[in-house]
Amino acid sequence: MIFAANFKTNHTRQSTQLYMKALNEKLGAKKPDDKVYIFPPSTALDTYEGEFTVGTQNAYPAHNGAYTGEIGLEQLDEFGIQTILIGHSERRELLEESQAKVADKFSFFKEQGFEIIYCIGEPLHIREQGFDSVLKYLLAQFEGIDVDYEKLIIAYEPIWAIGTGRSATVEEISTTHKALKKVINGKPLLYGGSAKPTNIQEITSIVGVDGVLVGSASLNADSFSKMILS
Ligand code: 13P
């Protein structure tokens, strides 16, 4: 299983250092095949020792240059970061990242050999239109994305389940993952959206779920380690 923590705009450099230490103390007990990823905010990127991979939540598709407020490859290289989240719904919606921009980012970081966790997910009004609409919406988020890229992991995160405390149902996850698995050529597929210690076992036992991308419940090292060790 894959357990990925997306801190979003939470934690400082100092609290991330404490978190990594606390988490790593628990990770000795994890199953050897399980993989753990942490995506701290950019200001907390660093070289951390531990049984986990640190990735960036975002970066501009350039080595360096005049991109005010962004970080590029040069800033990631400093800490040996080779993993990136692309296409998160918060970037698509709040920061108005278009599919074309998302695809540009994908191509650039693919070219650099990065491991990419590529996020897709539908809003509530699409879910309410029925499964055909959901699938059509999700498939459009693969436009310009090379699903054959060998270092690709997909994360399905229904927007209405993110940060709401209400995860998608087993049935909803199962049906959606089954359909997605057919188009992603066997790539690992994570579920994200209110995953937490109390529902992790249920979610990870669904056929077609290869792991989770966790927001709120990952912010506390105890809670996230509970999920990994459950
Ligand atoms: P929550 O776990 O807080 O619902 O967030 C999910 C998410 O967006 C992870 O990327």
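For the stretch 128-189, the set of GluC sites (Glu not before Pro) satisfying both a DSSP loop assignment and a count of at most 16 other C-beta atoms within 10 Å is given as E128, E143, E150.
Exposure check, 1.4 Å probe, all protein chains in place: M1 carries approximately 70 Å² of accessible surface.
Phi-derived couplings, Karplus 6.51 cos²θ - 1.76 cosθ + 1.60 at θ = phi - 60°, listed residue by residue for the stretch 104-112: 4, 4, 4, 4, 4, 6, 5, 4, 7 Hz, with x used for Gly and Pro.
Please go through the stretch 1-58 and write out the GluC sites (Glu not before Pro) that DSSP classes as loop and that have at most 14 other C-beta atoms within 10 Å. Write down the numbers at each step before the final one.
Working: sites: E25, E49, E51; in loops: E49, E51.
Hits after loop and neighbour filter: E49.
Among the GluC sites (Glu not before Pro) found in the stretch 53-97, those both in a DSSP coil and sparsely packed, with 12 or fewer other Cβ atoms within 10 Å of their Cβ, are E78, E96. Given their separation in residues at 0.36 nm each and the Cα-Cα distance between them, V207 and D34 gain 60.6 nm when the chain is fully extended. Taking the dipole about the Cα centre of the chain, with the C-beta of Lys and Arg at +1 and of Asp and Glu at -1, give me whichever of Y149, I184, V209 is farthest to the positive side. Ranked along the dipole, the leading option is V209. Working note: Cα atoms of the stretch 121-179, range along each principal axis, descending, whole Å: 32, 21, 19. Pairs of Cα atoms nearer than 8 Å and 6+ residues apart set the relative contact order; for the chain it is 21 percent.
A Cβ-based charge dipole, computed about the Cα centre of the stretch 1-129 with Lys and Arg at +1 and Asp and Glu at -1, lands at about 320 debye. For the stretch 62-188, the Kirkwood hydrodynamic radius comes to 15.7 Å, computed from all pairs of different C-alpha atoms.
Normalised by 2.2 N^0.38 Å, with N the number of residues, the alpha-carbon radius of gyration of the stretch 43-106 equals 1.17. When you restrict to C-alpha pairs under 8 Å that are six or more residues apart and normalise by the size of the stretch 81-127, the relative contact order lands at 55 percent.
Computed over the chain, the per-residue total of -39500 (n - 2.57) for DSSP H runs of n ≥ 4 gives a 222 nm mean residue ellipticity of -10000 deg cm²/dmol, rounded to 500. With kT/(6 pi eta Rh) evaluated at 25 °C and eta = 0.890 mPa s, and Rh the Kirkwood radius from Cα pairs, the stretch 133-230 diffuses with a coefficient of 176 µm²/s according to Stokes-Einstein. The equivalent ellipsoid that matches the C-alpha gyration tensor of the stretch 1-123 spans semi-axes of 25, 16, 14 angstrom, in descending order.
A 28 angstrom limit on the alpha carbon distance is what I want to check against. Which of K21/K105; K101/K136; K105/K181 exceed it? Exceeds cut-off: K21/K105. Let me know the Kirkwood hydrodynamic radius for the chain, please, with Cα pairs as the basis and the value in Å to one decimal. Every distinct Cα pair counted, the radius reaches 17.8 Å.
The values are calculated or read from the model by the stated rules, or taken from the named source; none is laboratory data. Predicted, not measured: the structure shown is a model, and the values here were computed from it. Heads up, the Cβs are rebuilt from the backbone with ideal geometry, glycines too, and the neighbour counts pull from every protein chain shown. Ligands, DNA and RNA are stripped out before the accessible areas are found, and what is left, the full protein with its side chains, is counted by its heavy atoms. Shrake-Rupley method; radii C 1.70, N 1.55, O 1.52, S 1.80 Å.
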